[in-house]
1. Amide H of A:Asp165: which non-local residues (sequence gap of 5 or more, or other chain) have their own amide H closer than 5 Å, using H built in the peptide plane?
2. Between B:Leu77 and A:Thr168, what FRET efficiency comes out of the Förster formula 1/(1 + (r/R0)^6) with R0 = 45 Å and r the beta carbon distance, rounded to 0.05?
3. Using label points projected 7 Å from each Cα along Cα→Cβ, tell me how many nm separate A:Asp147 and B:His151, to one decimal.
4. Taking amide H positions as placed 1.01 Å from N in the peptide plane, with prolines and chain starts having none, which residues 5 or more places from B:Arg21, or on another chain, fall under 5 Å of its amide H?
5. At the nearest 100 Å², what buried accessible area, both sides summed, do you get for B and A when the probe is 1.4 Å?
6. If amide hydrogens are placed 1.01 Å from N in the peptide plane, which non-local residues have theirs closer than 5 Å to the one on A:His257?
7. What is the packing order of peptides A:16-24, B:111-119, taking the mean over residues of other C-beta atoms within 10 Å and listing the highest first?
8. At a cut-off of 10 Å², which residues of region A:22-51 become less accessible once all protein chains are present than in their chain alone, using a 1.4 Å probe?
Amino acid sequence: MTDRFASSEAHGYVDSCLDPQQKRAFEARLHEESELRRRVETWQAQNEAIRLAFGASPRTRFSLGRPSNENATARLNAETDLRRVESSPAPRKAGSGETSQAARPVAEAPPPALGMLRWAAVGALAFGLLCVSASGGPADPRDALMDAGASALRAFSAAAVAPLDMPTHDARALAKWLSPRFALNPPLSGLEIPGWSLVGARMVPGTRSAAALILFENEDHVRAGLMIEPLDAPPALAPLARRIGAVASAAATEGGHGIAAMGPSVSVVAALMRGRGAGGD
Amino acid sequence: MNREWSDDTGSLRRFGLALARDDRFVLDDASATRLVDKLIRQSAVAPIAEEFPSRLKGRARAFARLIQLYRRHVRRLAMEDVEGGWTEGSGARSGPAVVNGVRALPLELREALLLVVLGGFSHGEATEALDIPMSCLLERLERGRMRLAQHMGVSFDPVRETNWQGAPHLRVIK
């Protein structure tokens, strides 16, 4: 076996591109060749450092051409697996990680030398976050959601002339139209609000990407809205409410989405938030 | 909403920011953010304008488009920069060693390494997105990792180092 070939296997191992059989064979070689082991450990440390430095979650793996919903599920699974590995003090049994995703092993226990590095990096990150929060902290995403939601509602209130992308009174038809537009299923249950009828939906500018604005109307033709925006792994934040001019507004983040409800009164806003399972009181 | 690129905009943007911030053309994070946002917008319009026709699907196509647009941007800047007299590594160096090391890598090494490590692409997927053979990708990964290790003060056996150290990257044809 030439050095070049050994090196290509090392890259495959470091980047989790070897199948289980190749991986086991390569790990056997790692025990025998200290220089190769050193190189692999260095590259693994580099990978971890790059991911941490540029804000990526550790070890996600995607498949070319797979539908994005499946990719999102794979990412969630990978993160769940990794959390399980990190929270468990006992080492994993050989091969246990390869049963769920045999073709693409994504979450593996780090080698002992990397464990220290990872925890040091996590510590540094935690310290940095503490410093940030001590100096006022990052902006609350719920404020931005409420602002964007109120702007969208104003633009598509009763006086607005902009058409809806999906005019419908049927919540199921709306869910069918909206779901493929999100990587993760949007929280679309409980769209039946007493005294309010569903009017339809429109894609609107959100805080970071496009969002869905679902509109409701009462018998006086006053409109209320629910904005759902896909966010990149937001922390779960309980509903926060405030008034923006004449509009009552509340926002929460949960399950990969930012949700903002806007309406003329606190009661309708609370009803809209309760429909998402987000409380709203 | 265009489903192909918008679903993974977070990781695409993260990859773009890591790729675009270098020591040559983009010397601060604010400029990198502006550039990447512009390129992501352009990459969303590219399929409508039928630029960069590709057989790739979904996520790989979005990344490949961003790489193509960034390369085009760099080529244009490089042509403008010839008269200005640019020297390698002239940019401000602040931040962790690994970040500086990645920024100091030549573009083709940086994009291969970041696509695999940060983008989460397998080697096969990366070869398709970069439109290069597997041997070329592995060579770029090897050179990128060696240079990065060298930048971080790690050295390997001298034979391999000498082999890769002087190896040319993308040749400039005048």
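The values are calculated or read from the model by the stated rules, or taken from the named source; none is laboratory data. Remember, it's a predicted structure, so these values are computed and weren't measured experimentally. Virtual Cβ from ideal backbone geometry, glycine too; neighbours counted across all protein chains shown. Only protein heavy atoms, including side chains, enter the accessible area calculation; ligands, DNA and RNA are left aside. Shrake-Rupley method; radii C 1.70, N 1.55, O 1.52, S 1.80 Å.
1. Sorted by chain and number, the residues that satisfy this are A:Ala201, A:Arg202, A:Met203.
2. Values: r = 48 Å, r/R0 = 1.08.
For R0 = 45 Å, the calculated efficiency reads 0.40.
3. 3.5
4. Amide H neighbours of B:Arg21, under 5 Å, 5+ apart: none.
5. Values: alone 10180 and 15870 Å², together 22370 Å².
Result for this pair: about 3700 Å² buried.
6. A:Leu231
7. Details: A:16-24: 15.7, B:111-119: 26.2.
Going from most to least packed, we get B:111-119, A:16-24.
8. SASA drop of 10 Å² or more in region A:22-51: A:Glu35, A:Arg38, A:Arg39, A:Thr42, A:Trp43, A:Gln46, A:Asn47, A:Ala49, A:Ile50, A:Arg51.
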